[in-house]
1. With the checklist (1) surrounded by 24 or more Cβ atoms within 10 Å (Cβ to Cβ); (2) part of a loop (DSSP other than H, G, I, E, B); (3) not basic (Lys, Arg) in hand, flag the one item A:Gly209 doesn't pass.
2. Tally up the residues in the range A:14-44 that are closer than 10 Å to A:Thr128 by Cβ and within 22 Å of the chain's Cα centre (by Cα), please.
3. Could you figure out which of (1) farther than 29 Å from A:Thr276 by Cα; (2) in contact with a helix residue (DSSP H, G or I) (Cβ under 6 Å, 6 or more places away or on another chain) isn't true of A:Arg179?
4. Output the residues belonging to the range B:94-117 that are closer than 25 Å to B:Thr38 by Cα and under 17 Å from the mean Cα position of the chain (by Cα).
5. So is A:Gly134 buried (at least 17 other Cβ atoms within 10 Å of the Cβ) and either touching a strand residue (DSSP E or B) at 6+ places or on another chain (Cβ under 8 Å) or not basic (Lys, Arg) (or both) or not?
6. Quick check: is even one residue across the range A:155-171 modelled with pLDDT under 95, closer than 24 Å to A:Ala223 by Cβ and acidic (Asp, Glu)?
7. If a residue must be closer than 25 Å to B:Ile305 by Cα and either polar (S, T, N, Q) or out of contact with any helix residue (DSSP H, G or I) (no Cβ under 8 Å at 6 or more places or on another chain) (or both), how many such residues does the range B:71-87 contain?
There are 2 protein chains.
Amino acid sequence: MPEPTLDVIAIGNAIVDVMAPCEDAVIEQFGMTRGGMTLVDTARAHVLYEAMGPAREISGGSAANTLAGLAALGARCAFIGQVADDQLGEVFAHDIRAGGIAFDTPARAGDPPTARCLIFVTADGQRTMNTFLGASQFLPPAALDEAAIAAAQILYLEGYLWDPEEPRAAMRRAIAAARTVGRKVAFTLSDAFVIERHGADFRAMIETGEIDILFANHIELAALTGHDDFHAGIATLKDKVPVLVVTRSADGAVAAAGGELVEVPAEPISHVVDTTGAGDLFAAGFLFGHVRGRPLAECLRLGAICAAEVISHYGARPEADLKALVTEKLR
Amino acid sequence: MPEPTLDVIAIGNAIVDVMAPCEDAVIEQFGMTRGGMTLVDTARAHVLYEAMGPAREISGGSAANTLAGLAALGARCAFIGQVADDQLGEVFAHDIRAGGIAFDTPARAGDPPTARCLIFVTADGQRTMNTFLGASQFLPPAALDEAAIAAAQILYLEGYLWDPEEPRAAMRRAIAAARTVGRKVAFTLSDAFVIERHGADFRAMIETGEIDILFANHIELAALTGHDDFHAGIATLKDKVPVLVVTRSADGAVAAAGGELVEVPAEPISHVVDTTGAGDLFAAGFLFGHVRGRPLAECLRLGAICAAEVISHYGARPEADLKALVTEKLR
């Protein structure tokens, strides 16, 4: 195989986040799943948008956020995801390209519109997400750029995109394409409810060795392994994936690889504004260290630094100069 | 006349701001007018958007921002402005209504799309605005709700909207409608370049007594009066409008009314993030005090507090609970 010309190529939802602060009571009043991601249809999206205060729109999407962090750190990245041929699609495409990420998936004509995620942020910084998948769920396997996948050191996939059928098929094909040429596959479990729906698929992929780097948070770890005990969950998985990374909010994160088990505390932060993107940016920092061949402890530290930056402001994409930030913090 | 059922009704551009931080060099490289507002066509908007980094979208428009502040303070408000029947139009309409402001101008079908303003924010917090007027310039006089205008204590108009022909005609008709029923007309000069183009109109309106409350910053004051000296400018105007309010950035603001001349310092702030909306929110605070019959010094102080809040974050609409903020600050 030739040397990779890309560090990470990702397939994910192409979503614009619509976010606003809200009172705790609103979460209950509208029966939202606090802290979770729920798929919503047009009617429900309309009801929730009506209930939302003045908002701001910022490009999001889990894997796309991770790439935004990776690119800001200096990695060479490409994204595959489906927007519609509309204004929010233009916004998404602009923002990802302006971040220095290659993005060539053609916009899809006609309905449905570009995906959006209505994010209600409570005073504690917790985000409750309501995703209208729109065009994002129609990513066709034909949109895969197999040459780009073969050119990337790592193929990164988000569990959220396992729900809709077409992208699931596209991701399965992408995994095969990457593995055929000896590239690594990284996967993030995304959400406990996604695991409820697709845990069997995920467990099968892990058992058959299709996943080289697995990202989860402590809740997803419990949902996947059936172990409420954190360390029991880690023990169950750590020999089944070459690299296992588990975050646990304010309690830091753990990685297991090559027989090594390393922990890192969360990066201190004065005020949590909005936790949207915390896991995505943790993955960005970790993967950046990984593709640069850094020790496991440093990969974790990079993840913690990037996660701390993104939760200090609204929006799931970095605002600070991440490269300067990690240089300063790791000095 | 019956008692007013609205405090302020405003006519203004219905714009979504697209904002991103930028290096100083970008302003020069693309020949932008630093700190000013420039109207751009589709081609120029495209070039500048390409040059812009990852951005966020937040509803804006000068008079609409002022209403957002007024409504947050507890005033009863209505807005008249033209969006297109598209996604950004939905965003604008949602955000203004979610702020508690009545907004009934029907969306306009077909091209052009909803207005957007590409705002480049340099490290010093200065904003350089490039406005694509889109649908906003086609606000027809027929869209005026004369009953609502008659029901409002104050009709508030933005100078920016004097550029396009249809809204200019609409605003002239609105002024006549308000004055016929004895309501007050407030006007903000908006921008020195707008005064270059329409100063003769503005001076004529002032001379004929059509403006009851005039808002300007020190640069606009100089452009309108021809006096570079601040106090000479004030002296020229203060007897021609019942209430004159002039802001001067970090140097505070001055108001002249009823033979009284009052100054207020700028509200202290630890870090200026983005000055977009500073004048709009100053006007909001001042008008709120005015409609509540507060003394001139308190009206100015309210303006300074609201302006300080909006420049402490990205976006020209308040994020903090303004009502709580002014209660605390005025205690």
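The values are calculated or read from the model by the stated rules, or taken from the named source; none is laboratory data. Source: prediction; values computed, not measured. As a convention, Cβ positions derive from the backbone with ideal geometry for all residues, glycine included, and neighbour counts pool all protein chains shown.
1. Every condition holds for A:Gly209 apart from (1).
2. Total satisfying the criteria: 7.
3. The number of the failed condition is (2).
4. Passing the criteria: B:Asp95, B:Ile96, B:Ala115, B:Arg116, B:Cys117.
5. yes
6. Yes, the range A:155-171 contains at least one residue that is modelled with pLDDT under 95, closer than 24 Å to A:Ala223 by Cβ and acidic (Asp, Glu).
7. 2
Yes or no, residue by residue, for (1) within 25 Å of B:Phe138 (Cα to Cα); (2) not aliphatic (A, V, I, L, M):
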{"site": "B:Asp163", "(1), (2)": "yes, yes"}
{"site": "B:Ala174", "(1), (2)": "yes, no"}
{"site": "B:Ala192", "(1), (2)": "yes, no"}
{"site": "B:Glu196", "(1), (2)": "yes, yes"}
{"site": "B:Gly209", "(1), (2)": "no, yes"}
{"site": "B:Thr236", "(1), (2)": "no, yes"}
{"site": "B:Val241", "(1), (2)": "no, no"}
{"site": "B:Val246", "(1), (2)": "no, no"}
{"site": "B:Ser249", "(1), (2)": "no, yes"}
